Structure formats: structure tokens, C-alpha cells
1. To make sure I understand, if each residue's beta carbon is the centre and we count other beta carbons within 10 Å, what order do A:2, A:129 fall in, fewest to most?
2. Give, rounded to the nearest 20 debye, the magnitude of the charge dipole that region B:8-123 has about its Cα centre when Lys and Arg contribute +1 at Cβ and Asp and Glu contribute -1 at Cβ.
3. Starting from the Cα-Cα distance between residue B:94 and residue B:77, subtract it from 0.36 nm times their residue separation and give me the gain in nm to one decimal.
4. Tally Lys/Arg at +1 and Asp/Glu at -1 over every other residue whose Cβ is under 12 Å from the Cβ of residue A:44; what's the total?
5. In terms of the Cα gyration tensor, with a ≥ b ≥ c the square roots of its eigenvalues, is the protein assembly as shown rounded because a/c is under 1.5, prolate because a/b exceeds b/c, or oblate?
6. Between residue A:127 and residue B:121, take the C-beta separation as r, use R0 = 30 Å, and let me know the FRET efficiency to the nearest 0.05.
7. Based on the mean of other beta carbon atoms within 10 Å per residue, what is the order of A:72-82, A:48-58, B:96-106, most packed first?
8. Which value at 222 nm does the protein assembly as shown reach when only helices count, each DSSP H run of 4 or more adding -39,500 (n - 2.57), with the total divided by all residues and rounded to the nearest 500 deg cm²/dmol?
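Just so you know, all these numbers are worked out from the coordinates, no wet-lab data involved. Since the model is a prediction, treat every value here as computed from it, not as a measurement. All Cβ positions, glycine included, derive from the backbone under ideal geometry; neighbour counts span all protein chains shown.
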Amino acid sequence: MHSRLRLKTYILIGIMIVAGPIGNLLLAKGMKQAGQVKFWPASELLLIFARVFGSLTIWIGIASLITFIVAYMLALSVADYSYVQPAAALGYGVIAVLGYLVLHETISPLRWVGIAVICFGVAFIRNTHPRTTDKAGDDAAAPTAKQLATADRSAN
Amino acid sequence: MLEFVLFVLIIVVGTGGELCLGRAMQETGELERFRPGAAASLLWRALRVKWIWIGVGMMTLAFFSLLLLLSFEEVSFVVPVTALSYFVGALGGIFFLGERVDRQRWIGIGLVCIGVTLVLVGK
């Protein structure tokens with residue numbers, strides 16, 4: 001049961017740490033391709049608007065960010081917020097590795113150290129139980145911690 | 001003073017918004033099976049929980065505060081400070097969501113916080 005919970009949590013966090021950074025990267029790239037935003041004259045703004053929403057890069061970026069938020073919400077349905085939020089910081093490592101391997105960017109040594117520290121921190125968090133609270137959909141046959149506490153109080 | 005208010009909005013209100021999402025998902029239930037139908041049904045039920053909308057409102061406020069702060073402060077100063085949200089998130093997890101954060105998880109959160117700051121400073 002616990003291993004199933006862990007597996008679900010890992011898969012959803014895995015989707016988050018890939019989809020989030022990719023979405024941000026693509027949106028940034030798409031906005032740069034569209035050019036500087038000018039609010040006046042109105043025709044200029046419309047042109048930029050058409051260029052932004054006519055860009056495949058922007059749409060893939062938006063789709064990636066939607067995937068990220070959906071995975072985030074689903075992850076929060078199975079695991080603690082204090083487990084998912086810091087674990088999602090692995091996304092900083094993913095974006096650096098992607099930048100290094102795909103875009104051949106130079107990554108400063110300090111940044112590599114930071115990524116190593118994040119990985120170390122996530123390894124600590126990974127050793128804790130992903131969920132320490134009861135969920136609304138928990139099996140009614142198995143009394144939850146809250147139900148047990150309530151039963152104790154009413155017995156006294 | 002304005003800077004301080006904006007930092008509070010970004011860190012506390014932004015993390016508070018995410019905590020509200022957590023609360024909404026806690027009330028909605030668990031994703032039982034990895035099927036698109038099950039995920040869509042769970043998310044649809046979550047949309048009817050008030051915490052989702054409170055969370056979205058708070059996250060929107062934090063986002064615009066970040067934009068405003070970035071208009072007059074250096075990114076290299078603003079972004080590392082937002083790493084504090086991991087601590088605020090853990091405190092919110094304990095007091096708002098009733099999570100149990102043990103020592104090991106605290107150490108992990110502290111390391112993530114330091115690591116994120118190093119990554120952002122090292123840019």
C-alpha cells in the first residue's frame with residue numbers, strides 16, 4: 001500500500017519537474033521570438049498578440065504548464081504539501097541539465113553546487129513518509145487517525 | 001516599507017495560495033488510479049471546493065506582487081529571498097493542513113532552501 005503511494009507520488013513529481021521547467025523555457029523562448037511588447041499604437045499590440053498566440057512554441061509551453069499544474073494538484077491529492085513542494089525544487093536541476101546538454105549553456109560551479117545541495121535535501125525528504133494526514137477518500141473500513149481520536153474522546 | 005509588504009505578499013500569500021490548493025485536494029480525496037478519466041473526475045470535483053478558488057486568487061495576487069517588486073528591485077535579490085517559501089510552506093503544512101513534519105523532513109527542506117538560493121545566486 002505504502003509502496004503504491006510512493007510510486008504514484010514519484011511519478012507525479014517526475015512529471016512536475018519536467019513539465020514545469022520545459023513550460024517556462026518554451027514560454028520565455030516564444031516571447032523572445034515574438035519581439036518586444038508595445039502597448040501603443042493598438043495595431044502594434046494586436047500584431048504582437050497575433051504573433052504570440054500564433055506561435056507553436058507558446059502553445060507547447062502553455063500545454064506543459066497546464067500539465068505541471070494538473071500533476072501538482074494530483075500530487076497534492078496523494079502526498080503532503082511539505083513533501084511535494086520541496087521535492088519539486090528538483091526542477092531547478094532539470095532546467096540546468098537541459099540547458100547544459102541541449103542548449104550548451106555554461107553552468108557556473110556555484111549553480112552545480114546548489115543543484116547537488118537540492119538533490120541531497122530531496123534525498124532526506126524522500127526518506128520520510130509522503131503522507132502524514134488523512135484524505136477525504138480514505139477507505140471507510142479502515143479507521144483513520146482522526147476517527148480513532150474522535151472515538152477515544154467519545155469513549156471517555 | 002512597500003518592499004517588505006511585497007515580499008510578504010509573495011512569500012506568505014503565494015505559499016498560502018498553494019496551501020489552499022493542498023487543502024482543496026485533501027478535501028477532494030485521493031487519485032486512486034492512474035487513468036485520465038479518474039484524474040479528470042478528481043479535478044472536476046476539486047473545482048467545486050472553495051479552497052481552490054481562494055488559492056488561485058492568492059497566487060494571482062502574489063504573482064502581480066512579484067512583477068511589481070521586480071520592476072524596481074534586482075532579480076538577484078528578489079528571487080533568492082523567495083526561497084523562504086519552502087520554510088513557510090512547511091509551517092503552513094503543519095498548522096493549516098495538519099501534516100507532521102519530522103526532523104528529517106526539516107533538514108531536507110533546509111537543504112532545498114539553501115540549494116535553491118545557491119542556484120539562483122549562481123546564475
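1. Ranking A:2, A:129 by Cβ neighbours within 10 Å, fewest first, gives A:2, A:129.
2. Here region B:8-123 has a charge dipole of around 340 debye.
3. Gain in length upon complete extension: 3.3 nm.
4. +2
5. On the way: a/c = 1.74, a/b = 1.52, b/c = 1.14.
Verdict is prolate for the protein assembly as shown.
6. Numbers: r = 28 Å, r/R0 = 0.92.
Efficiency for this residue pair is about 0.65.
7. Listed from highest to lowest mean packing, they are A:72-82, B:96-106, A:48-58.
8. On the way: 14 runs with 207 residues, N = 279.
It comes out at -24000 deg cm²/dmol, rounded to the nearest 500.
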